[in-house]
1. Just one of Thr9, Thr27 is open to solvent by less than 60 Å² (accessible area, probe 1.4 Å) and touching a Lys or Arg at 6+ places or on another chain (Cβ under 8 Å); which is it?
2. Restricting attention to the stretch 42-95, and to residues there that are under 21 Å from Asp3 (Cβ atoms), touching a strand residue (DSSP E or B) at 6+ places or on another chain (Cβ under 8 Å) and in a helix (DSSP H, G or I), which single residue is most open to solvent (accessible area, probe 1.4 Å)?
3. Within the stretch 80-94, which residues are farther than 25 Å from Ser51 by Cα and at pLDDT below 95?
4. Within the set of pairs 6 or more residues apart or between chains, which connect a residue that is closer than 13 Å to Leu24 by Cβ inside the stretch 81-99 to a residue that is outside any helix (DSSP H, G or I) and charged (D, E, K, R) with Cβ atoms less than 9 Å apart?
Amino acid sequence: MPDRPVPLTVLAVCGLGMGTSLILRMTCETVLQRLGVEARVDNTDLSTAKSQSPDVLVGQGMHMDDLAGVATVNVVVHDFVDDQALEQRLRPALEEAGWL
């Protein structure tokens, strides 16, 4: 199993990088803490995300084509406050990368 970057860098992205990405960031922090993953979670807008190099990128499906190749792991979310749904998507993505 490959070593997981510590802390894992996670980027929560929305179109404008304001309220929605902040809510998603807080949801990600909750899920990662529950999974026992040490992570630094930031939030930003779509344009800024393209110049970043996170380990994990979390955002709406409509933005993921624009963000292809930015992160090792991309996770699509449909509800930014549903931590259970995010965990159901994030856990297998981290397992597949060998980080969980």
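The values are calculated or read from the model by the stated rules, or taken from the named source; none is laboratory data. Just so you know, these numbers come straight off a predicted model, no measurement behind them. Here Cβ is always computed from backbone atoms with ideal geometry, including for glycine, and neighbour counts include all displayed protein chains. These accessible areas exclude ligands, DNA and RNA; they are computed on the full protein's heavy atoms, side chains included. Shrake-Rupley method; radii C 1.70, N 1.55, O 1.52, S 1.80 Å.
1. The unique qualifying residue is Thr9.
2. Filtering the stretch 42-95 for residues that are under 21 Å from Asp3 (Cβ atoms), touching a strand residue (DSSP E or B) at 6+ places or on another chain (Cβ under 8 Å) and in a helix (DSSP H, G or I), the one most open to solvent (accessible area, probe 1.4 Å) comes out as Ala93.
3. Listed by number, the list holds a single entry, Val81.
4. Ala85/Asp79; Leu86/Asp79
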